[in-house]
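Novice: Starting off with a structure, shown below.
The values are calculated or read from the model by the stated rules, or taken from the named source; none is laboratory data. None of these values were measured; they are calculated from a predicted model. Glycine also receives a Cβ, built like all others from the backbone with ideal geometry; neighbour counts cover every protein chain displayed. The protein model used for the area step is the full one, side chains on, heavy atoms only, and it has no ligands, DNA or RNA in it. Shrake-Rupley method; radii C 1.70, N 1.55, O 1.52, S 1.80 Å.
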Amino acid sequence: KGAVGNVFVYLKTGLEGKKFAPAKEPVVMEQKGCLFAPQVAGMQTGQPIKVVNADPVTHNIHPQPHENRDWNQSQAPDDPPLLRKFTVPEIMIPVKCNVHKWMHAWIGVLDHPYFAVTGTDGAFEIRNVPPGSYTVAVWQEKLGTQEQAVTLAASAKSELTFTFKGN
């Protein structure tokens, strides 16, 4: 039906000057079936990311940030989960497995908790956004980025539709 999953959706502007404590619960990225799951993830600066190898083969996780510290770690089948953090906001960090060249993922890192990743139906929801005017941005690895302005009143909901033009 034309829906696009794995789109990173986030508030790009409107929160300047506000500080948010990072979530304590780690974002889990699993290596399973020789794929990264989720393929697109969002997290806050300072929030842990927990990388798990659920396969019977050795994998490698290699985020390639421009603003954060690069790291590259092999992970054998019985190795414990890896825990890391990103300290600077960055949209989007490519992730690869140096062992299996088809394994790719992306991580969006923000200094606030207002983001989502679309489901296979293309839907998303960002909860508890304070009243105000914002720029909502979306990113998709092949279709690019888009932005829309939105103003939210107290306890209001707003629906946004983004349309990508592809081949």
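Novice: Any residue in region 151-165 that's within 18 Å of T13 (Cβ to Cβ) and touching a residue at least 24 places away in the same chain (Cβ under 8 Å): show its pairings with residues that are of a type outside the set (S, T, N, Q) and surrounded by 10 or more Cβ atoms within 10 Å (Cβ to Cβ) at Cβ separation under 7 Å, as long as the two are six or more apart or on different chains.
Specialist: Qualifying pairs under 7 Å: L160/V136; L160/V150; F162/V138.
Novice: Another question, then. Only one of (1) part of a strand (DSSP E or B); (2) open to solvent by less than 70 Å² (accessible area, probe 1.4 Å); (3) in contact with a Lys or Arg (Cβ under 8 Å, 6 or more places away or on another chain) is not met by H112, so which one is it?
Specialist: If we test H112 against (1) part of a strand (DSSP E or B); (2) open to solvent by less than 70 Å² (accessible area, probe 1.4 Å); (3) in contact with a Lys or Arg (Cβ under 8 Å, 6 or more places away or on another chain), just (1) comes out false.
Novice: In this structure, is T13 closer than 27 Å to Y134 by Cα, touching a residue at least 24 places away in the same chain (Cβ under 8 Å), open to solvent by 20 Å² or more (accessible area, probe 1.4 Å) and out of contact with any Gly (no Cβ under 9 Å at 6 or more places or on another chain)? Can you show your working first?
Specialist: Working: closer than 27 Å to Y134 by Cα: yes; touching a residue at least 24 places away in the same chain (Cβ under 8 Å): yes; open to solvent by 20 Å² or more (accessible area, probe 1.4 Å): yes; out of contact with any Gly (no Cβ under 9 Å at 6 or more places or on another chain): yes.
The answer is yes for T13.
Novice: Looking at (1) modelled with pLDDT under 95; (2) in contact with a Leu (Cβ under 8 Å, 6 or more places away or on another chain), which is the only condition H112 fails?
Specialist: The one condition H112 does not meet is (1).
Novice: Another question, if that's okay. Write out, first by first residue and then by second, each pair whose Cβ atoms fall under 9 Å of each other, whose residues are 6+ apart or on separate chains, and whose first residue, in region 78-90, is closer than 23 Å to P113 by Cα while the second is among the polar types (S, T, N, Q) and surrounded by fewer than 16 Cβ atoms within 10 Å (Cβ to Cβ).
Specialist: Hits for this filter: L82/Q73; R84/Q73.
Novice: If you don't mind, another one. Of everything in region 83-92 that's hydrophobic (A, V, I, L, M, F, W, C) and in a loop (DSSP other than H, G, I, E, B), which residue is least open to solvent (accessible area, probe 1.4 Å)? Talk me through it step by step, then tell me what you get.
Specialist: Filtering region 83-92 down to residues hydrophobic (A, V, I, L, M, F, W, C) leaves 83, 86, 88, 91-92.
Going one step further and asking which of them are in a loop (DSSP other than H, G, I, E, B), we end up with 86, 88.
Details: F86: 2, V88: 53 Å².
Among them, the one singled out is F86.
Novice: Here's something else I'd like to know. Where in region 18-82 are there strands (runs of 3 or more DSSP E), lying wholly inside it, with at least 2 residues that are surrounded by 14 or more Cβ atoms within 10 Å (Cβ to Cβ), under 18 Å from the mean Cα position of the chain (by Cα) and not aliphatic (A, V, I, L, M)? First the steps, then the outcome.
Specialist: Numbers: elements: 27-32, 35-37, 40-44, 48-53, 59-63, 73-75.
Passing ranges, in order: 27-32, 40-44, 48-53, 59-63.
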